[in-house]
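Every read-out reported here was derived from the displayed coordinates using simple, explicitly stated rules and does not represent laboratory data. Note that the structure is predicted; figures quoted are calculated from it, not measured. All Cβ positions, glycine included, derive from the backbone under ideal geometry; neighbour counts span all protein chains shown.
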Amino acid sequence: MSIQVHPEKGIVVRVPFWTDESRIQQFIFEKKDWILKAQKKIETIASKGRKPISYMGEPLTQEQIDSFGGSGQMAAWYKQKAERYLLERTRIFAKILGKKAPEKVEVKSYKSRWGSCDRRNNISYNWKIMMEKAEVIDYLVAHEVSHMEHKNHSRDFYKTLQNLDPDYKNHKKILRESRI
Ligand SMILES: [Zn+2]
């Protein structure tokens, strides 16, 4: 039996196919300290990421990254930037649609979504969107603002979105491939 750390798959245990399930369990149990350590290492590598930490599509310098001191500080910095920028972009897009600007535009730390628009047309964004290029940020804003008119992903929704962002298909793809 062997155990291995894989940057994408995580912990990989290789066993002969006839190995008893309980024997595998025991093997993993015996290796648990090693696994925990390895997982930490993977997380560190993952957080540094293959994708450089960037702000509006421009990579941050190592100096800038080091100046944050910790990931909490970094998030706070991004959130502060995001709040100002996204509020303004949201107002602009809402105006183009002839809508009143949302009462609330919030920036949050979502784990697996980029943004949302609720029934009252309050819009929330994931601060991590600020790592993307301006045109991709605008796509997200256009997407959420389009939800002020259509609370679904219908064809009408996409028509509205296309008016706000003619290149939305490309931007949508970029965002889908970008890891949150
Ligand atoms: Zn949507």
Helix-only CD estimate at 222 nm, as mean residue ellipticity for the chain, using -39500 (n - 2.57) per DSSP H run (n ≥ 4): -16000 deg cm²/dmol
Tail weight of P(r) past 30 Å, computed on alpha-carbon pairs of the chain, percent: 37 percent
Rounded to the nearest 20 debye, dipole of the range 60-168 from Cβ charges on Lys, Arg, Asp, Glu: 480 debye
Distance between modelled label sites at Lys151 and Gln80, nm, 7 Å Cα→Cβ extension: 3.7 nm
Positive-end residue of Ala75, Met130, His171, charge dipole of the range 54-177 with Cβ unit charges: His171
DSSP beta bridges in the chain [antiparallel fraction, %, rounded to 5]: 70 percent
Label-to-label distance, nm, for residues given as Glu177 and Lys108 (7 Å Cα→Cβ offset): 2.9 nm
Glu58 versus Trp34: modelled label distance in nm, points set 7 Å from Cα along the beta carbon direction: 4.7 nm
